[in-house]
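The values are calculated or read from the model by the stated rules, or taken from the named source; none is laboratory data. Fair warning: this is a prediction, and the values are worked out from it, not measured in the lab. Neighbour counts are summed over all protein chains in view; Cβ atoms, including those assigned to glycine, are modelled from backbone coordinates with ideal geometry. Surface areas here come from the heavy atoms of the whole protein model, side chains and all, with no ligands, DNA or RNA. Shrake-Rupley method; radii C 1.70, N 1.55, O 1.52, S 1.80 Å.
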Amino acid sequence: MCELKGRKLVLGVTGGVAAYKAAELVRLLGKAGADVHVVLTEGGARFVTPVTYQALSGNRVWTDLWDARMDNNMAHIDLTRGADAVLIAPATADVIAKLVQGRADDLLTTLSLARECPLLVAPAMNRQMWEHPATQRNVAQLAADGATVLGPAAGDQACGEVGMGRMLEPEELLEHVIAFFQPKLLAGRKVVLTAGPTFEAIDPVRGITNTSSGKMGYALAQACARAGAEVVLVSGPTGLPVPAGARRADVRSALQMRDAVMAALPGADVFIGVAAVADYRPADAAEHKVKKSSADMTLRLTPNPDILAEVAARADAPFCVGFAAESRDLDAYAEGKRRAKRLPMLVGNLVQDGLGSDDNLVILYDDAGRHPLERAPKTVVARRIVEHLAGLLKTAAN
Ligand code: C5P
């Protein structure tokens with residue numbers, strides 16, 4: 001987790017119950033590498049005190065326009081100089097109204113007016129306050145003024161009511177902040193991916209599967225979404241959450257995976273086959289549970305369709321990317337597969353370097369040759385793959 005390494009963020013916390021989530025947000029942003037400087041409004045400081053934010057961010061916390069700790073006494077200017085963004089979370093209806101009016105009656109509103117960096121705002125309020133025409137007008141104006149409005153979400157509210165106005169969860173806000181800083185290399189593109197293992201039924205309770213965790217495919221789906229693509233993730237059974245910004249189609253078997261891929265394919269610019277699709281499936285899955293006996297048992301297997309090869313062979317084939325996990329002779333096998341399946345790009349790795357783990361060491365293969373990447377977390381590897389892919393798409397378009 002280093003997606004925000006080198007980023008300086010000013011986090012404004014205003015007076016809403018969701019302030020308790022801001023503490024967790026500070027922790028997550030810091031864990032992702034960001035240098036977080038917290039500014040509290042008077043109301044914000046009533047919910048969670050500066051001590052918590054200071055301990056979690058490792059930086060001084062600012063509450064007062066007249067704070068003399070800054071040598072030149074200009075916290076309202078200095079705090080945002082060199083900052084990559086100001087994020088206000090939670091943002092009350094009141095602070096949103098002030099931002100729209102350009103008011104500057106406390107440190108947070110003053111620095112928001114004096115900033116040179118982007119402003120991100122995560123509203124949090126009671127549903128009636130959110131739905132009020134005044135708030136709706138203000139939020140629309142704030143967005144028109146260039147701010148990025150994150151959420152809110154619908155759900156249970158602290159007041160006991162249910163509706164729109166809940167602040168996004170800290171994990172969701174973290175994801176939005178990370179995505180905000182990613183170059184939109186795949187904007188306007190539709191990407192379909194497969195990920196995870198497949199499960200080939202023997203009977204209603206047994207089947208053949210493999211140890212693919214799905215982590216690489218999910219990380220790649222997330223990287224594509226962060227790069228601005230419309231993403232459809234066709235996934236075999238994994239315990240992983242749906243990556244933000246992706247639409248997931250859940251499948252079990254290779255045949256189901258093929259059907260879901262074909263259904264998602266219209267309009268796709270890119271197809272990436274990351275799934276570890278079972279090469280064979282039981283020829284006759286039993287309708288009822290197979291009973292134990294002391295005799296030998298033979299399971300007849302029949303080959304599964306090769307989804308990637310099928311997509312790549314279509315007359316209207318999108319740009320196809322394959323994966324190859326090998327236990328030896330990576331270059332020869334990977335390049336062989338790329339050519340056999342007629343793929344413009346393939347990502348190869350040695351199984352011992354990636355399967356199931358959070359890190360991966362991969363080599364990219366394309367018509368120009370082999371391009372080894374450094375060992376890195378799968379999220380970072382995914383970003384590098386997207387960069388390479390975007391470069392090839394650009395070349396192909398010219
Ligand atoms: O031939 P091999 O299975 O090693 O090829 C791996 C690549 O082909 C991966 O991109 C994988 O997702 C894809 N594949 C597929 N359908 C299969 C087998 C592999 O899409 N039945």
Compute the long axis of helix 215-226 from its Cα atoms, compare it with the longest principal axis of the Cα atoms of the chain, and write down the angle in degrees, 0 to 90, nearest 10. 50
Quotient of Cα Rg and 2.2 N^0.38 Å for segment 164-258, N being how many residues it contains: 1.25
Determine the sum of side-chain charges near A278: Lys and Arg each +1, Asp and Glu each -1, restricted to other residues whose C-beta is under 11 angstrom from that of A278. 0
Give me the number: length gained by fully extending T148 to E169, i.e. 0.36 nm times residue separation minus the C-alpha to C-alpha distance, one decimal in nm. 5.9 nm
With the alpha-carbon atoms as the only input, what is the per residue convex hull volume for the chain in Å³? 194
Net charge near A382: determine it from the other residues with C-beta under 13 Å of the C-beta of A382, scoring Lys and Arg +1 and Asp and Glu -1. +1
Among V17, L350, G43 - extreme Cα towards positive end, dipole of the chain, charges at beta-carbon: L350
Scanning the chain for GluC sites (Glu not before Pro) in DSSP loops with at most 14 other Cβ atoms within 10 Å, what's the longest stretch left with none? 162-286
Within the chain, longest stretch free of exposed trypsin sites (Lys or Arg not before Pro) [DSSP loop, at most 10 other beta carbons within 10 Å]: 70-290
Probe 1.4 Å, heavy atoms of protein chains only: per residue, the accessible area of the chain in Å² is 47
Using a cut-off of 28 Å between alpha-carbon atoms, which lysines can reach K378, once sequence neighbours fewer than 8 places away in the same chain are excluded? K5, K8, K21, K31, K184, K190, K215, K337, K341, K394
Share of accessible surface on carbon and sulfur in the chain, whole %, 1.4 Å probe and ligands ignored, is 52
Over all pairs of distinct alpha carbons, what does the Kirkwood formula give as the hydrodynamic radius of segment 317-398, in Å? 12.9
Dipole axis of segment 190-397 (+1 Lys, Arg; -1 Asp, Glu on Cβ), positive-most option in Q222, F271, S294: Q222
Between R247 and N59, the two model label points (7 Å from Cα along the beta-carbon direction) sit apart by a distance in nm of 3.9
Largest first and in whole Å, what are the equivalent-ellipsoid semi-axes of segment 4-131 based on the Cα gyration tensor, each being the root of 5 times an eigenvalue? 20, 18, 14
Helical mean residue ellipticity (222 nm; -39500 (n - 2.57) per DSSP H run of 4+; nearest 500) of the chain: -10000 deg cm²/dmol
Want the number for R137 to R375: 0.36 nm per residue separation, take away the alpha-carbon distance, what's left? 80.8 nm
